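Chemist: Sharing a structure here in structure tokens format.
The values are calculated or read from the model by the stated rules, or taken from the named source; none is laboratory data. This structure is a prediction, so every number in the text was calculated from the model and none was measured. Cβ atoms come from the backbone with ideal geometry, glycine included; neighbour counts cover every protein chain shown.
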Number of protein chains: 2
Amino acid sequence: MAVHRSAQKSVHLASRGIFSPGRLICRDCERTLRVTSHQRRGISSYGYTQSKALVYSKYGEPQDVLSLHGHSISPATGTNVVLRMLVAPINPADVNQIQGVYPAKPEMNTALGTSEPSAVAGNEGAAEVISVGSGVKSLSKGDWVIMKSTGMGTWRTHMAVDESKLIKIDTKEGLTALQVGTVSVNPCTAYRMLLDSAKWGFRGDEWFIQNGANSGVGRAAIQLGKEWGFKSINVIRGRENKEEEQKLRQDLYDIGATKVITEEELQGREIRDQIKEWTNGGREPVRVGLNCVGGKPATALAKFLSPGATMVTYGAMSKQPLILPASLLIFKEINFNGFWVSKWSDRHPDQKKQTVEDVLRLTREGRFKDIPVQECKWGWKTEVDILKAAVQGTLGGFRPGKGVFVFEEP
Amino acid sequence: MAVHRSAQKSVHLASRGIFSPGRLICRDCERTLRVTSHQRRGISSYGYTQSKALVYSKYGEPQDVLSLHGHSISPATGTNVVLRMLVAPINPADVNQIQGVYPAKPEMNTALGTSEPSAVAGNEGAAEVISVGSGVKSLSKGDWVIMKSTGMGTWRTHMAVDESKLIKIDTKEGLTALQVGTVSVNPCTAYRMLLDSAKWGFRGDEWFIQNGANSGVGRAAIQLGKEWGFKSINVIRGRENKEEEQKLRQDLYDIGATKVITEEELQGREIRDQIKEWTNGGREPVRVGLNCVGGKPATALAKFLSPGATMVTYGAMSKQPLILPASLLIFKEINFNGFWVSKWSDRHPDQKKQTVEDVLRLTREGRFKDIPVQECKWGWKTEVDILKAAVQGTLGGFRPGKGVFVFEEP
């Protein structure tokens with residue numbers, strides 16, 4: 001595809017031309033090409049799409065290693081589609097990945113014409129199909145899609161990708177791009193942890209207990225639990241400002257929490273009798289624990305699980321290991337495992353599609369509410385410093401974050 | 001059954017007469033009966049069996065709370081059988097139970113005619129059937145049996161029990177009473193932990209790693225692992241006496257250990273490369289970890305497990321909790337659970353029978369060797385202090401112990 005098409009004599013556009021703000025370099029002949037301002041704004045007049053991506057070529061703090069790389073995307077051919085990103089969350093795992101402390105490492109290459117082998121950051125997002133190759137069967141222009149797996153690099157305005165790597169949102173009516181773009185990580189994590197630990201079925205008289213209940217996963221778990229007839233004890237960090245704490249409690253009750261307590265209450269003296277009372281003298285078992293904190297809070301949580309229960313760890317906000325008395329494993333037969341949504345979605349693409357569809361169905365029916373996010377608008381002219389600040393602002397650790405890039409129309 | 005039969009005018013024997021050394025009290029009329037020395041030695045001439053049992057009526061240190069209680073057992077009727085105990089191990093769980101720190105509490109009652117509600121100590125053992133009731137179908141005089149579940153009180157010379165609570169040893173030929181009497185706890189624990197964690201089947205190129213490898217469970221695991229084509233890394237405590245340590249290593253190699261290392265080596269710097277070499281660069285996964293230690297040794301062990309492996313905890317010799325980095329659960333997808341042989345055998349009597357039979361088959365074929373024990377002979381005249389010293393000598397904690405009561409012919 002090294003054909004140079006020239007509509008204006010002075011402009012060459014290579015099939016995989018490399019776009020830097022203000023200039024376009026032909027990837028094949030390495031000649032610098034002049035670009036019209038129209039092209040620079042995103043969509044070239046020759047069928048080429050201009051894109052900007054947050055890339056990194058070495059690991060480090062996002063503010064140090066991220067840069068905004070412009071390039072052009074050739075028209076879609078074969079089974080390829082060209083996407084315009086709508087929404088891309090900034091999850092803490094994305095930040096850890098950039099820092100190099102995340103076990104899933106991105107592939108670094110020069111496919112986008114970067115001078116160094118680089119990766120595009122970001123792992124989750126919703127996009128709109130803007131053009132399709134002649135061999136594409138499942139998608140049409142205007143469709144909404146999400147990524148089938150992680151590691152696809154969602155922090156960019158546009159991307160070209162094979163249709164097989166996308167999950168089509170069959171019914172986008174009644175949904176916002178934000179809802180679709182944030183469904184893959186937090187709601188899917190809550191959904192699978194609860195459902196896959198609750199193999200016994202839902203009888204309406206069983207409980208789960210979770211810490212970090214105010215996180216994206218925590219709020220999703222409350223709502224899904226309620227939907228499935230599963231009562232919840234939700235542990236939050238206490239706030240110095242008691243009014244704020246009260247508002248937070250009310251927020252969680254509003255979306256379906258059965259009980260909300262603070263970490264201090266969980267580790268206090270009165271909670272044992274309290275939980276016994278709530279669970280009808282222990283006759284309503286606490287079957288599942290969800291832990292994203294670790295350390296003492298996780299030990300305290302585990303002690304309220306009923307015999308044979310499962311505790312799933314999906315984060316370590318305290319950066320402390322789990323500390324588990326052997327009696328919990330031997331005599332109470334508690335099973336301790338973990339959940340990693342990336343691994344799950346890579347391993348079970350069909351289950352991911354079904355899970356996403358189920359959450360979006362509930363969303364459409366008004367039974368699954370948006371989780372609060374902090375939006376960072378990303379337009380064609382947005383400065384890289386704004387984008388990097390949004391990334392840097394997301395806390396480290398594995399804590400589910402709340403920052404989201406929302407892409408503006410080009 | 002309050003019928004007093006009188007063969008000699010001066011002797012009454014109640015159906016549930018209470019025997020104390022030197023006298024026999026009728027349980028029903030509370031008259032003291034004269035007893036012949038023949039009766040005192042164990043078997044009454046009237047079909048009654050004299051028994052001595054280590055009982056306790058309150059929790060505490062074995063030396064403080066255990067006493068030797070004599071009583072007579074009426075002739076077997078219905079589906080009852082009368083047993084003569086052959087062998088009864090002194091497991092640390094038995095000691096913990098007497099101390100009152102074990103979660104399975106015995107039922108205390110006065111069925112044996114104790115002045116206070118009491119329990120007979122001991123949970124494992126082999127016995128010989130000495131008489132059967134007319135309704136007994138599965139057992140005959142001379143058969144060997146083991147207990148179907150725990151909590152039956154095996155530290156006594158004789159007992160009466162319903163046949164449904166016993167597992168018959170179908171082929172006792174080629175087996176010693178010691179082999180039969182020690183099969184229910186340690187070998188069953190090793191067998192189920194390895195087999196139930198190894199759901200993937202045995203391909204001959206997979207490993208397990210265990211600490212406390214010199215324990216009864218550890219030695220059983222080595223032998224069963226070898227039998228099933230499962231290589232083993234065995235961690236032992238280092239000995240100050242290096243000759244002794246070397247002998248211990250050799251002992252474990254002799255029964256089939258693939259590798260033997262000390263705790264110090266496990267926590268040292270060179271072990272990572274070493275294990276990598278042993279496991280063919282990691283291509284032979286370490287699928288199962290068996291932990292009876294806890295604390296740092298358990299953390300060190302867990303770090304050598306391959307992704308997706310299972311670590312089973314069955315003891316806490318260090319009396320320290322497990323300390324588990326969240327990454328082991330989330331990213332390496334290690335599953336942490338526990339095994340409690342009592343609960344397992346109570347829940348799966350059929351599986352217990354099958355497991356016991358399989359271990360005894362291997363024993364008979366010379367492929368499963370006895371685990372070293374310290375025998376304490378228990379004859380009709382053995383003083384209670386001798387018995388209590390044997391019990392007290394068994395270490396606390398959940399450590400698999402090695403003391404065994406071996407009953408002498410009456």
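Chemist: Confirm whether B:THR310 is more than 8 Å from chain A (Cβ to nearest Cβ) and within 30 Å of A:VAL312 (Cβ to Cβ). Working first, answer last.
Modeler: Values: more than 8 Å from chain A (Cβ to nearest Cβ): yes; within 30 Å of A:VAL312 (Cβ to Cβ): yes.
Spelling it out, B:THR310 is indeed more than 8 Å from chain A (Cβ to nearest Cβ) and within 30 Å of A:VAL312 (Cβ to Cβ).
Chemist: Scanning for something within 14 Å of another protein chain (Cβ to nearest Cβ), modelled with pLDDT of 95 or more and not in a helix (DSSP H, G or I), does the stretch B:269-279 turn up at least one residue? Steps first, please.
Modeler: First pass over the stretch B:269-279, keeping only residues within 14 Å of another protein chain (Cβ to nearest Cβ): none.
Looking for residues that are within 14 Å of another protein chain (Cβ to nearest Cβ), modelled with pLDDT of 95 or more and not in a helix (DSSP H, G or I), one finds none in the stretch B:269-279, hence no.
Quick grid of which residues meet (1) in contact with a Leu (Cβ under 6 Å, 6 or more places away or on another chain); (2) in a loop (DSSP other than H, G, I, E, B); (3) assigned by the TED database to the domain that holds A:TRP340:
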{"residue": "A:PRO106", "(1), (2), (3)": "no, yes, no"}
{"residue": "A:GLU124", "(1), (2), (3)": "no, yes, no"}
{"residue": "A:SER134", "(1), (2), (3)": "no, yes, no"}
{"residue": "A:LEU139", "(1), (2), (3)": "no, yes, no"}
{"residue": "A:VAL145", "(1), (2), (3)": "yes, no, no"}
{"residue": "A:MET152", "(1), (2), (3)": "no, yes, no"}
{"residue": "A:GLY174", "(1), (2), (3)": "no, yes, no"}
{"residue": "A:LEU195", "(1), (2), (3)": "no, no, yes"}
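Chemist: Scan the stretch A:176-193 for residues that are crowded, with 18+ Cβ neighbours inside 10 Å and assigned to a loop (DSSP other than H, G, I, E, B) and report the count. Even if it seems obvious, please write down each step before you answer.
Modeler: Let us first name the residues in the stretch A:176-193 that are crowded, with 18+ Cβ neighbours inside 10 Å, namely A:177-193.
Filter once more, keeping what is assigned to a loop (DSSP other than H, G, I, E, B): A:182-185.
Counting residues in the stretch A:176-193 that are crowded, with 18+ Cβ neighbours inside 10 Å and assigned to a loop (DSSP other than H, G, I, E, B) gives 4.
Chemist: Answer yes or no: is there a residue in the stretch A:233-247 that is surrounded by 16 or more Cβ atoms within 10 Å (Cβ to Cβ) and in contact (Cβ under 8 Å) with a residue 40 or more places away in the chain.
Modeler: Yes, the stretch A:233-247 contains a residue that is surrounded by 16 or more Cβ atoms within 10 Å (Cβ to Cβ) and in contact (Cβ under 8 Å) with a residue 40 or more places away in the chain.
Chemist: To continue, here is another question. Quick check: is even one residue across the stretch B:334-345 of a type in the set (Lys, Arg) and more than 14 Å from the chain's Cα centre (by Cα)? Before you say what the answer is, go through the steps one by one.
Modeler: Step one: filter the stretch B:334-345 for residues of a type in the set (Lys, Arg), giving B:343.
In the following step, the residues that additionally are more than 14 Å from the chain's Cα centre (by Cα) were identified as none.
No, the stretch B:334-345 contains no residue that is of a type in the set (Lys, Arg) and more than 14 Å from the chain's Cα centre (by Cα).
Chemist: Looking at B:LYS319, B:LYS296, which one is more than 10 Å from every other protein chain (Cβ to nearest Cβ), of a type outside the set (A, V, I, L, M) and surrounded by fewer than 19 Cβ atoms within 10 Å (Cβ to Cβ)? Even if it seems obvious, please write down each step before you answer.
Modeler: On the way: B:LYS319 fails: more than 10 Å from every other protein chain (Cβ to nearest Cβ).
Going through B:LYS319, B:LYS296 in turn, just one is more than 10 Å from every other protein chain (Cβ to nearest Cβ), of a type outside the set (A, V, I, L, M) and surrounded by fewer than 19 Cβ atoms within 10 Å (Cβ to Cβ): B:LYS296.
Chemist: If you don't mind, there's one more thing I want to ask. What pairs come out if I take residues in the stretch A:326-339 that are at the interface with chain B (Cβ under 7 Å from one of its Cβ atoms) and pair them with residues that are among the acidic types (Asp, Glu) and outside any strand (DSSP E or B) whose C-beta lies under 7 Å away, six or more apart or interchain?
Modeler: A:GLY338/B:GLU333
Chemist: Scan the stretch B:280-293 residue by residue and report those that are within 14 Å of another protein chain (Cβ to nearest Cβ) and either part of a strand (DSSP E or B) or surrounded by fewer than 19 Cβ atoms within 10 Å (Cβ to Cβ) (or both). Lay out the reasoning, then the answer.
Modeler: Step one: list which residues in the stretch B:280-293 are within 14 Å of another protein chain (Cβ to nearest Cβ), which gives B:289-293.
Passing the criteria: B:GLY289, B:LEU290, B:ASN291.
Chemist: Right, next: Which residues, taken from the stretch A:388-410, are more than 17 Å from the chain's Cα centre (by Cα) and either modelled with pLDDT of 90 or more or assigned to a loop (DSSP other than H, G, I, E, B) (or both)?
Modeler: First, the residues of the stretch A:388-410 that are more than 17 Å from the chain's Cα centre (by Cα): A:388-389, A:408-410.
Of everything in the stretch A:388-410, those that are more than 17 Å from the chain's Cα centre (by Cα) and either modelled with pLDDT of 90 or more or assigned to a loop (DSSP other than H, G, I, E, B) (or both) turn out to be A:LYS388, A:GLU408, A:GLU409, A:PRO410.
Chemist: One residue is enough: does the stretch A:317-340 have a residue meeting the conditions of a type outside the set (A, V, I, L, M), more than 30 Å from B:TRP340 (Cα to Cα) and not in a loop (DSSP other than H, G, I, E, B)? Quick ask: steps written out before the conclusion?
Modeler: Kept after step one, since they are of a type outside the set (A, V, I, L, M), are these residues of the stretch A:317-340: A:318-321, A:325, A:327, A:331-333, A:335-340.
Checking which are more than 30 Å from B:TRP340 (Cα to Cα) leaves us with A:318-319.
Filter again for not in a loop (DSSP other than H, G, I, E, B), leaving none.
Within the stretch A:317-340 (the criterion being of a type outside the set (A, V, I, L, M), more than 30 Å from B:TRP340 (Cα to Cα) and not in a loop (DSSP other than H, G, I, E, B)), the answer is no, since none of the residues qualifies.
Chemist: Taking the residues in the stretch A:210-232 that are in a strand (DSSP E or B) and touching a Lys or Arg at 6+ places or on another chain (Cβ under 9 Å) as candidates, determine which candidate is surrounded by the most Cβ atoms within 10 Å (Cβ to Cβ).
Modeler: Looking at residues that are in a strand (DSSP E or B) and touching a Lys or Arg at 6+ places or on another chain (Cβ under 9 Å), I get A:SER232.
Chemist: Taking A:LYS259 as the residue in question, decide whether it is in contact with a Phe, Trp or Tyr (Cβ under 8 Å, 6 or more places away or on another chain) and either assigned by the TED database to the domain that holds A:VAL312 or surrounded by 11 or more Cβ atoms within 10 Å (Cβ to Cβ) (or both). Before the answer, list the steps.
Modeler: Values: in contact with a Phe, Trp or Tyr (Cβ under 8 Å, 6 or more places away or on another chain): yes; either assigned by the TED database to the domain that holds A:VAL312 or surrounded by 11 or more Cβ atoms within 10 Å (Cβ to Cβ) (or both): yes.
Judged against the criteria, A:LYS259 is a match.
Chemist: Does A:PRO117 satisfy the condition of being at pLDDT below 95 and either over 17 Å from A:PHE407 (Cβ atoms) or crowded, with 24+ Cβ neighbours inside 10 Å (or both)?
Modeler: On the way: at pLDDT below 95: no; either over 17 Å from A:PHE407 (Cβ atoms) or crowded, with 24+ Cβ neighbours inside 10 Å (or both): yes.
Answer is no for this residue.
Chemist: Given the conditions (1) under 27 Å from the mean Cα position of the chain (by Cα); (2) closer than 21 Å to B:GLY315 by Cα, report the number of the one that B:VAL286 does not fulfil.
Modeler: All conditions pass for B:VAL286, except number (1).
Chemist: Output the residues belonging to the stretch A:94-105 that are away from chain B (no Cβ under 14 Å) and surrounded by 21 or more Cβ atoms within 10 Å (Cβ to Cβ).
Modeler: Those that are away from chain B (no Cβ under 14 Å) and surrounded by 21 or more Cβ atoms within 10 Å (Cβ to Cβ): A:ASP94, A:VAL95, A:ILE98.
Chemist: Among the numbered conditions (1) under 17 Å from B:LEU329 (Cβ atoms); (2) of a type in the set (S, T, N, Q); (3) more than 10 Å from chain B (Cβ to nearest Cβ), tell me where A:SER345 comes up short.
Modeler: For A:SER345, the failing item is (1).
Chemist: Identify, by number, the condition in (1) more than 28 Å from B:GLY153 (Cα to Cα); (2) away from every other protein chain (no Cβ under 12 Å) that B:ASP350 doesn't meet.
Modeler: (1)
Chemist: Condition test on B:ALA213, is it in the same structural domain as B:GLY403 (by the TED database), in contact (Cβ under 8 Å) with a residue 24 or more places away in the chain, farther than 17 Å from B:VAL341 by Cβ and among the small types (Gly, Ala, Ser)?
Modeler: no
Chemist: Kindly evaluate A:LEU362 against the criterion of being part of a helix (DSSP H, G or I), aliphatic (A, V, I, L, M), more than 7 Å from every other protein chain (Cβ to nearest Cβ) and surrounded by fewer than 20 Cβ atoms within 10 Å (Cβ to Cβ). Outline the logic, then answer.
Modeler: Details: part of a helix (DSSP H, G or I): yes; aliphatic (A, V, I, L, M): yes; more than 7 Å from every other protein chain (Cβ to nearest Cβ): yes; surrounded by fewer than 20 Cβ atoms within 10 Å (Cβ to Cβ): yes.
Judged against the criteria, A:LEU362 is a match.
Chemist: Does B:LEU305 satisfy the criteria of being within 11 Å of another protein chain (Cβ to nearest Cβ), out of contact with any Leu (no Cβ under 6 Å at 6 or more places or on another chain) and surrounded by 18 or more Cβ atoms within 10 Å (Cβ to Cβ)? Can you show your working first?
Modeler: On the way: within 11 Å of another protein chain (Cβ to nearest Cβ): no; out of contact with any Leu (no Cβ under 6 Å at 6 or more places or on another chain): yes; surrounded by 18 or more Cβ atoms within 10 Å (Cβ to Cβ): yes.
For B:LEU305, the condition - within 11 Å of another protein chain (Cβ to nearest Cβ), out of contact with any Leu (no Cβ under 6 Å at 6 or more places or on another chain) and surrounded by 18 or more Cβ atoms within 10 Å (Cβ to Cβ) - is not met.
Chemist: Sticking with this structure for a sec: Can you name the residue in the stretch A:108-122 that is not in a loop (DSSP other than H, G, I, E, B) and not small (Gly, Ala, Ser) and is also farthest from the chain's Cα centre (by Cα) among such residues?
Modeler: Within the stretch A:108-122, the first condition is being not in a loop (DSSP other than H, G, I, E, B), and the residues that meet it are A:109, A:118-120.
Of the ones still in play, those that are also not small (Gly, Ala, Ser) are A:109, A:120.
Details: A:ASN109: 23, A:VAL120: 15 Å.
Checked the stretch A:108-122; the qualifying residue farthest from the chain's Cα centre (by Cα) is A:ASN109.
Chemist: Could you check how many residues of the stretch B:365-386 are within 27 Å of B:ASP254 (Cα to Cα) and surrounded by fewer than 20 Cβ atoms within 10 Å (Cβ to Cβ)?
Modeler: Counting residues in the stretch B:365-386 that are within 27 Å of B:ASP254 (Cα to Cα) and surrounded by fewer than 20 Cβ atoms within 10 Å (Cβ to Cβ) gives 10.
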